[in-house]
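The values are calculated or read from the model by the stated rules, or taken from the named source; none is laboratory data. Owing to the predicted nature of the structure, the values given are computational and were not obtained by experimental measurement. For neighbour counting, all protein chains shown are included, and Cβ atoms are generated from backbone atoms with ideal geometry for every residue, glycine included. Surface accessibility is based on the protein's heavy atoms, side chains included, excluding ligands, DNA and RNA. Shrake-Rupley method; radii C 1.70, N 1.55, O 1.52, S 1.80 Å.
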Amino acid sequence: MNSYYYYLEDSRQWFWWSGGWRKTNDGRRYPAVNIVILTEVSFDYVFGRKPLTEPPQDSSPGTVISIKDMEEWQSRWDNSARYNKLLVYAFYDKNSTLSKAMDKLLEKLAKQYKGKADFCKLDVDNFEFLAGLCGVEGAYPTFVLFKTCKQVGKVVGLKDDELERSIERGQH
């Protein structure tokens with residue numbers, strides 16, 4: 001079972017699907033195996049109304065992208081929706097001692113998977129609701145993997161090998 005969440009840019013509000021779209025204003029996870037995050041642009045790709053394409057080789061910068069606000073998040077999200085490409089979110093706390101170690105790991109993986117995956121850092125203080133939707137619950141860093149707007153993996157903590165295995169699984 002999937003839980004569908006829709007971000008409406010004009011009103012900057014989230015909605016949850018349960019037999020109809022309902023406004024949600026809390027960060028709790030509704031029961032589901034996977035979450036699917038939708039925007040106006042990504043909706044057509046998720047439901048097969050528009051065909052997915054393989055990403056061009058230069059579609060991933062090969063560096064880590066620091067996302068600062070919802071506008072930047074939506075732009076990156078919408079851009080990745082059309083491609084059959086992995087999106088790796090690293091939720092972190094800027095006060096965490098693991099931030100520097102996480103940065104080093106992410107930079108290495110971004111170079112390794114250039115053109116195949118985007119690696120994005122999101123400070124939980126700026127993305128509290130989104131972190132809640134993704135099941136991020138106080139252990140940082142938490143890596144959440146998406147493909148075609150659907151959550152395909154999650155790694156809690158700085159576990160290099162487990163994260164690499166999740167990325168490999170998420171690509172297929």
>> Can you pull out every residue in the stretch 129-155 that is of a type outside the set (Gly, Ala, Ser), under 14 Å from the mean Cα position of the chain (by Cα) and farther than 12 Å from Leu86 by Cβ?
In response: Phe129, Leu130, Leu133, Cys134, Val136, Pro141, Thr142, Lys154, Val155
>> Which count do you get for residues in the stretch 2-21 that are open to solvent by 60 Å² or more (accessible area, probe 1.4 Å) and either β-branched (Val, Ile, Thr) or on the phi > 0 side of the Ramachandran plot (or both)?
In response: 2
>> I need a count of the residues in the stretch 131-142 that are free of Cβ contacts under 8 Å to residues at least 60 places away in the same chain and out of contact with any Gly (no Cβ under 8 Å at 6 or more places or on another chain).
In response: 4
>> I'm trying to understand the selection: among the residues of the stretch 36-82, which are of a type in the set (Gly, Ala, Ser) and farther than 22 Å from Asp125 by Cα?
In response: Ser42, Gly48, Ser59, Ser60, Gly62, Ser80, Ala81
> Among the residues of the stretch 130-142, is any acidic (Asp, Glu), surrounded by fewer than 17 Cβ atoms within 10 Å (Cβ to Cβ) and under 17 Å from Ile67 (Cα atoms)?
Replying inline: no
> Of all residues in the stretch 61-72, which are open to solvent by less than 20 Å² (accessible area, probe 1.4 Å) and either on the phi > 0 side of the Ramachandran plot or not in a strand (DSSP E or B) (or both)?
Replying inline: Gly62
>> Cβ-Cβ distance below 6 Å, separation of 6 or more or different chains: which pairs start in the stretch 92-104 with a residue that is charged (D, E, K, R) and end on one that is at pLDDT 85 or above?
In response: Asp93/Val124; Asp93/Tyr140; Lys94/Asp123
> In the set Lys154, Lys159, Lys111, Lys116, which member is in contact with a Cys (Cβ under 9 Å, 6 or more places away or on another chain) and surrounded by fewer than 22 Cβ atoms within 10 Å (Cβ to Cβ)?
Replying inline: Lys154
> What do you reckon, is Asp58 modelled with pLDDT under 85 and either in a helix (DSSP H, G or I) or under 13 Å from Phe146 (Cβ atoms) (or both)?
Replying inline: yes
> Only one residue in Tyr92, Tyr83 is among the hydroxyl-bearing types (Ser, Thr, Tyr) and modelled with pLDDT of 90 or more. Which one?
Replying inline: Tyr92
>> Taking the conditions exactly as written (open to solvent by less than 90 Å² (accessible area, probe 1.4 Å), touching a Leu at 6+ places or on another chain (Cβ under 8 Å), at pLDDT below 85 and not in a strand (DSSP E or B)), does Gly27 satisfy them or not?
In response: yes
